[in-house]
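Take a look at the structure below.
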Amino acid sequence: MQVLIKSATVIDRASDHHKKKRDILIFNGTIQKIAASIEAADADLVIDKPNLHLSPGWFDSSVSFGEPGYEQRETLANGMAVSAASGLCHVAINANTDPITDNKSAVSFIAQRTEAAAVNALIIGALTQKSQGVDQAEMFDMFQSGCKSFYDYKRPVDDVNLLKLSLQYTQPFGGLVQSFPYEHGLSPKGVVHEGVQSTMLGLKGIPTTSETLRIQRDLGILGYTGGQLHIPTISSAASVALIRAAKNEGLNVSCSVAAHHLLLTDQVLDSFDTQYKVMPPLRTKEDQDALIAGLKDGIIDGITSDHNPLDIEAKKKEFDHADFGTIGLECLFGVANMTLGLDEAIDALTGLRSNFGIAQTKIAVGEKADLSLFDPEMQWTVDAKQLPSFSKNCIFNGHQLKGKAYGMILGEKYHLNS
């Protein structure tokens, strides 16, 4: 199959064509030619969009779908289609299903259900059996079935010896251990960031200390054991400082930040809208500034949507009783582009690829087509009811974003929005 992309501005710092407008010819999934103008009358597909830009394929390191067990929230088929429409080439699927993805049979089920999708699915295996934090899951068996990372989604590893053993156990085969940074005992009934806003609103708070204590502990264990540790969705300035120090010491640690922490702060909580209830909670402007700075200077390795579809009933409750979580796949690029700037947004959307076992590519002749297509200038207002995700619990509902995806190409597979 021959695909011709017309007049696309290349955004790829590693490419000789960075920020240049080029035609790109792809043959059987490989970039065959890049030039100012290419004529290909026999092309099977010509892509010509207003203000078309392209970059190396984006990766989202934390995506939850409902299937199996919660298909009313999101099926794998629709979730993968939404990912493609959002410009993503690779997504890491969390283990928070029913049953939990804690063995090779569960991994094989998800792999079979996603193999036809245009987007590459990286399956995250549970770190412990049934994500209960007691006994290790079958990590090596799952690794042999394709899992590169292991994580009990949003459940902190309370047993410090279990974390130690997991980091030691995964070293021979290069597995990536994830540890959610939350000390639940400090705020067992907390629902928002602990600070001025929580006090004014009468809502129980979650202090930044609940995050930093776990990060300090986990980094200490990593320094002792070695291995690879990923800390997902950090939310505070103090956490950025801790990870900066750890990287300066040479520890093999990576981290991510959720898109909503870059755009929103706890100031939006005045409305008591439960769509703003997320874990970790929205924090202060000072924390937000530190997170953005951390992404720009590379201390934070990547940005994630932390996409987590929920039933309507889970959010239509009093704030104290509503579930934590938001969808965000469709808004990921718009938030990253608007808060970071284009070059830094692309860095943030591709920075975690190698940590999760995805080869870094560049836009050059001979390279596999691994491309996200987008318009960085498109202004749009989020209407949750119009988003293609089955669930509509979107924290960005009503907010204006800048930048929207046209689709993606990965090898011989592609998706283009109409």
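The values are calculated or read from the model by the stated rules, or taken from the named source; none is laboratory data. All values derive from a computational prediction rather than experimental measurement. Here the Cβ is made from the backbone with ideal geometry for all residues, glycine too, and neighbour counts use every protein chain on show. These area figures cover heavy atoms from the full protein model, side chains too; ligands, DNA and RNA do not enter into them. Shrake-Rupley method; radii C 1.70, N 1.55, O 1.52, S 1.80 Å.
Things worth noting here:
- Accessible-area composition of the chain, carbon plus sulfur, in percent [1.4 Å probe]: 48
- Gaussian network model of the chain, springs between alpha carbon atoms under 10 Å - residue of 18, 307, 230 with greatest fluctuation: 18
- Amide H contacts of residue 395 (H built 1.01 Å from N, in plane; Pro and chain starts excluded): 327 sit under 5 Å, all sequence-distant by 5 or more or on other chains.
- Remark: the range 84-158 carries a charge dipole of roughly 200 debye about the Cα centre, counting +1 on each Lys and Arg Cβ and -1 on each Asp and Glu Cβ.
- Tail beyond 38 Å, pair distance distribution of the chain (Cα, percent): 17
- Extreme residue, positive dipole direction of the chain, given options 120, 90, 34 (C-beta unit charges): 34
- Most fluctuating residue given options 181, 232, 388, as computed from a GNM of the chain linking Cα atoms under 10 Å: 388
- Straight-distance candidates among the aspartates and glutamates for linking to residue 130, with alpha-carbon spacing under 18 Å and chain neighbours fewer than 8 residues away dropped: 67, 98, 102, 138, 141, 152, 158, 159.
- Share of Cα-Cα pairs in the range 101-166 lying beyond 15 Å, as whole percent: 49
- Alpha carbon centroid spacing (whole Å) that separates the range 276-290 from the range 22-51: 42
- Rg/Rh, computed from the Cα trace of the range 52-133 with Rh as the Kirkwood radius, has the value 1.00.
- Candidates 270, 289, 343, ranked by Gaussian network fluctuation over the chain, Cα under 10 Å, top entry: 270
- The alpha-carbon positions of the range 376-418 define a convex hull whose volume is 100 Å³ per residue.
- Take the convex hull of the alpha carbons in the range 163-282; its mean projected area over all directions comes to 7.8 nm².
- Cα pair distances of the range 230-365 binned at 5 Å [whole percent]: 2, 10, 19, 21, 20, 13, 9, 4, 2, 1, 0, 0
- Over the chain, accessible surface divided per residue gives 39 Å², non-protein components excluded, 1.4 Å probe.
- Directionally averaged projected area (convex hull, Cα atoms, the range 292-347), nm²: 4.8
- Quotient of the Cα radius of gyration of the range 133-194 and 2.2 N^0.38 Å, N being its number of residues: 1.30.
- Dipole in debye (nearest 20) - the range 242-385, about Cα centre, beta carbon charges: Lys, Arg +1; Asp, Glu -1: 320
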